Protein chains: 2
Amino acid sequence: MSCPLCDAPAGTVLWQDDFCRVVRADEPDYPGFLRVILNAHVKEMSDLPPAEREALMRVVFAAEAALRDVMAPDKVNLASLGNVVPHLHWHVIPRFADDPHFPNPVWGAKQRNAPHAAPGNLDIRLVAEFSRLLAPGPGTGSR
Amino acid sequence: MSCPLCDAPAGTVLWQDDFCRVVRADEPDYPGFLRVILNAHVKEMSDLPPAEREALMRVVFAAEAALRDVMAPDKVNLASLGNVVPHLHWHVIPRFADDPHFPNPVWGAKQRNAPHAAPGNLDIRLVAEFSRLLAPGPGTGSR
């Protein structure tokens with residue numbers, strides 16, 4: 001069966017290894033909306049062995065840290081839903097008091113129209129953060 | 001400043017240790033809606049040291065596993081938002097194709113009215129699952 005996360009990167013790839021990738025989503029209301037996508041068609045976190053759950057969360061938390069360093073959001077939202085696309089992916093969303101849905105979830109009722117302005121060179125700065133935060137240690141491989 | 005997650009359990013406590021608690025939320029549309037709540041007023045996952053992030057996620061994934069064993073949902077949704085209450089808490093939500101919002105997030109547009117029926121003795125069965133899944137190993141303490 002066709003799966004949009006198996007068939008395509010589904011965003012601008014900012015970091016990847018064999019296990020997962022981080023993409024910046026094409027979400028005009030949320031310029032820094034990242035997704036951490038497992039490179040395998042698995043449905044639930046509890047379908048992964050514990051070491052792989054931990055490896056995936058390490059990347060999710062690095063995405064949170066990268067967004068905090070580059071964008072200084074008022075809050076970060078993390079979510080793994082997958083009701084429509086049951087292939088493990090985490091939404092990592094920088095939230096601002098003046099963003100379109102705040103304080104609602106981005107899936108809730110819209111409160112205003114303009115996105116919170118993103119800093120210049122967003123992709124380049126995030127790529128640099130991921131390289132710094134997820135650099136493999138000596139002998140530890142790419143995870 | 002007053003915080004509703006510092007001041008009260010915020011649900012029926014199904015499992016707890018010194019570090020965090022699991023409560024069944026009072027959400028009539030979602031009988032198995034669980035929350036994993038840190039027992040400290042911390043805002044973001046990346047504010048915790050890595051070992052505590054991992055300890056909290058271990059409980060989140062146990063909540064997912066417990067719900068799968070007891071309710072066999074079509075999907076589990078996990079989310080840490082905290083825009084309104086910036087005290088770390090994870091929503092762990094069993095989703096069913098016939099639940100009120102499916103396939104939307106529970107914060108999205110409602111699709112139908114009746115909740116998916118919960119099995120009998122839900123609390124008791126979940127408590128038993130948590131005891132089984134989170135029992136401390138010999139000498140490892142309660143985390």
Output, in nm with one decimal and in ascending order, the distances from the B:T12 label point to the matching label points of the other copies (7 Å from Cα along Cα-to-Cβ).
4.8
Can you tell me the 0 to 90 degree angle between the C-alpha axis of helix A:50-71 and the longest principal axis of chain A, rounded to 10?
30
Report the Cys residues of chain A lacking a disulfide-compatible partner, meaning no second Cys Cβ under 4.7 Å from their Cβ.
A:C20
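Expressed as a whole percentage, what fraction of the accessible surface of the range A:27-82 belongs to carbon and sulfur atoms when a 1.4 Å probe is rolled over the protein heavy atoms? If you can, show how the numbers build up before the last one.
Values: 900 of 1790 Å².
Here it works out to 50 percent.
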Convert each backbone phi in the range B:22-37 into a coupling constant with the Karplus relation 6.51 cos²θ - 1.76 cosθ + 1.60 (shift: θ = phi - 60°), then list the ³J(HN,Hα) values in order as whole Hz, x for Gly and Pro.
10, 10, 8, 6, 8, 10, x, 6, 9, x, x, 5, 9, 10, 9, 10
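For the interface of B with A, what's the total buried accessible surface in square angstrom, probe 1.4 angstrom, rounded to the nearest hundred?
Details: alone 7730 and 7720 Å², together 12680 Å².
Chains B and A together bury approximately 2800 Å².
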Filtered GluC sites (Glu not before Pro), the range A:11-85: DSSP coil and at most 13 other beta carbons within 10 Å:
none
Accessible area in square angstrom per residue, chain A, 1.4 angstrom probe
44
Please give the calculated 222 nm ellipticity per residue for chain B, where each DSSP H segment of at least 4 residues contributes -39500 (n - 2.57) and the sum is spread over every residue; nearest 500 deg cm²/dmol?
-8500 deg cm²/dmol
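Based on Cβ point charges of +1 for Lys and Arg and -1 for Asp and Glu, what charge dipole magnitude is obtained for chain B about its Cα centre, in debye rounded to the nearest 20? Walk me through the numbers before you get to the answer.
Details: 14 positive and 17 negative charges, 35 e Å.
Roughly 160 debye for chain B.
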With one decimal in nm and the nearest listed first, the spacings from B:A109 to its own position in the other copies, using label points 7 Å along Cα-to-Cβ, are 1.5
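Compute the signed sum of charges (Lys and Arg +1, Asp and Glu -1) over the other residues within less than 9 Å, Cβ to Cβ, of A:V13.
Values: positive: A:R21, A:R24; negative: none.
Its environment carries a net charge of +2.
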Rounded if a/c under 1.5, otherwise prolate or oblate - the protein assembly as shown, Cα gyration tensor axes:
rounded
Angle, helix B:122-133 long axis vs. longest principal axis of chain B, Cα atoms, 0 to 90°, nearest 10?
40
The answer for A:C20, listing residues at least 5 apart or on another chain whose modeled amide H is closer than 5 Å to its amide H, is A:N39
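The values are calculated or read from the model by the stated rules, or taken from the named source; none is laboratory data. Just so it is clear, the structure is predicted and the values come from calculations on it, not from any experiment. Virtual Cβ from ideal backbone geometry, glycine too; neighbours counted across all protein chains shown. Heads up: the accessible areas ignore ligands, DNA and RNA and are worked out on the full protein's heavy atoms, side chains in. Shrake-Rupley method; radii C 1.70, N 1.55, O 1.52, S 1.80 Å.
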